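For reference, the structure is listed below as structure tokens.
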């Protein structure tokens, strides 16, 4: 009997005008500890950068594959990452973040035939790379995910990494509580978070779009879930989307707009057979007229630019 081939991992770096951080991101992929995996490729998708990103890529010529094109935005770049990757698994990395040396080794040790998504915790750092929080923080964002490529392709097109969380909700995920990435916060990555409700409205839209996609009448169920499972998960995402909408209204001082999404949240929570705890917390926040998580001003990371970008995580794009 021969051993199964080692999983091939594609590290895909998403970059738009983050040349000042890109070298560290690429180097963190090149300096991964050996383990039960093969580093199949390092792919940089340059989404129309106008800074020194091309020069940084040239310095690593022979070690990275580069796709450079005109600006298309985060959603299309995340979709293209899945389309252009060539390994068995894909490890996303926003260009202003960097991996811990044990990232791939530790994640690879958790790969099993039934797992399609592995995520881990993160260390939140400031512009200069120094920690902003004393302890590791639960992940879930782009740079904390390792996704089975064939499963990821069944979810295309994607607009946000939240789409991949559906694999975990279907029972095919595994979470590591180790911090395996440094997640950088800086003024360019925080602009939408300081606008009351902006980030929450965006997340509500993403969750609603994902729920609609999971239950599209023309779509056959993927190998990792039955139609009934997809319907249940879709209800859960509609509930989450409604919860984000309630939070957005509270952050914007529009409590009078919360009854409808609050009712929708309860309806879909029950249909999705999810625990009521989150809905009860949201109800309490409406009763107190106080958001669950008011957006921070600037988190002591410097001034925030006056011009607000589209409501996505800008350190990804």
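Looking at the stretch 37-62, which of the residues that are touching a helix residue (DSSP H, G or I) at 6+ places or on another chain (Cβ under 6 Å) and within 24 Å of residue 149 (Cα to Cα) is surrounded by the most Cβ atoms within 10 Å (Cβ to Cβ)? Step by step, filter the stretch 37-62, then rank; the result is 44. Being surrounded by 18 or more Cβ atoms within 10 Å (Cβ to Cβ) and farther than 24 Å from residue 40 by Cα: is that true of residue 147 here? Against the criterion (surrounded by 18 or more Cβ atoms within 10 Å (Cβ to Cβ) and farther than 24 Å from residue 40 by Cα), residue 147 does not qualify. Within the set 225, 256, the sole residue that is in a helix (DSSP H, G or I) and modelled with pLDDT of 95 or more turns out to be 256. Looking only at residues in the stretch 29-50 that are closer than 24 Å to residue 79 by Cβ and in contact (Cβ under 8 Å) with a residue 60 or more places away in the chain, the one that is farthest from the chain's Cα centre (by Cα) is 39.
To keep it simple, each residue is scored yes or no on (1) surrounded by 20 or more Cβ atoms within 10 Å (Cβ to Cβ); (2) at pLDDT 95 or above; (3) in contact with a helix residue (DSSP H, G or I) (Cβ under 7 Å, 6 or more places away or on another chain).
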position: 159; (1), (2), (3): no, no, yes
position: 167; (1), (2), (3): yes, yes, yes
position: 196; (1), (2), (3): no, no, yes
position: 199; (1), (2), (3): yes, no, yes
position: 211; (1), (2), (3): yes, yes, yes
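Within the group 181, 206, which residue is in the same structural domain as residue 236 (by TED's automatic domain parsing) and crowded, with 22+ Cβ neighbours inside 10 Å? I'd like the intermediate steps shown before the answer.
Working: 181 fails: in the same structural domain as residue 236 (by TED's automatic domain parsing).
None of the others qualify; the one that does is 206.
Quick check, is residue 176 surrounded by 21 or more Cβ atoms within 10 Å (Cβ to Cβ) and at pLDDT 95 or above? No: the conditions fail for residue 176. Just one of the numbered conditions (1) under 29 Å from residue 231 (Cα atoms); (2) touching a strand residue (DSSP E or B) at 6+ places or on another chain (Cβ under 7 Å); (3) surrounded by fewer than 22 Cβ atoms within 10 Å (Cβ to Cβ) is not true of residue 136: (1).
Conditions (1) more than 20 Å from residue 75 (Cα to Cα); (2) within 15 Å of the chain's Cα centre (by Cα); (3) at pLDDT below 95, marked per residue:
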position: 115; (1), (2), (3): yes, no, no
position: 170; (1), (2), (3): yes, no, no
position: 183; (1), (2), (3): no, yes, no
position: 186; (1), (2), (3): yes, no, yes
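Scanning the stretch 267-317 for residues that are surrounded by fewer than 16 Cβ atoms within 10 Å (Cβ to Cβ), on the phi > 0 side of the Ramachandran plot and either in a helix (DSSP H, G or I) or at pLDDT below 50 (or both) turns up 300, 302. Across the stretch 100-118, the number of residues qualifying as crowded, with 24+ Cβ neighbours inside 10 Å and within 16 Å of residue 179 (Cβ to Cβ) comes to 4.
Does at least one position in the stretch 93-104 carry a residue that is within 15 Å of residue 173 (Cβ to Cβ) and modelled with pLDDT of 95 or more? Scanning the stretch 93-104 turns up no residue that is within 15 Å of residue 173 (Cβ to Cβ) and modelled with pLDDT of 95 or more. Does residue 245 qualify as being buried (at least 20 other Cβ atoms within 10 Å of the Cβ), on the phi < 0 side of the Ramachandran plot and assigned to a helix (DSSP H, G or I)? So residue 245 passes the test.
The values are calculated or read from the model by the stated rules, or taken from the named source; none is laboratory data. Just so it is clear, the model here is predicted, and its values are computed rather than measured. Cβ coordinates were reconstructed from backbone atoms using ideal geometry, including for glycine residues, and neighbour counts include every protein chain displayed.
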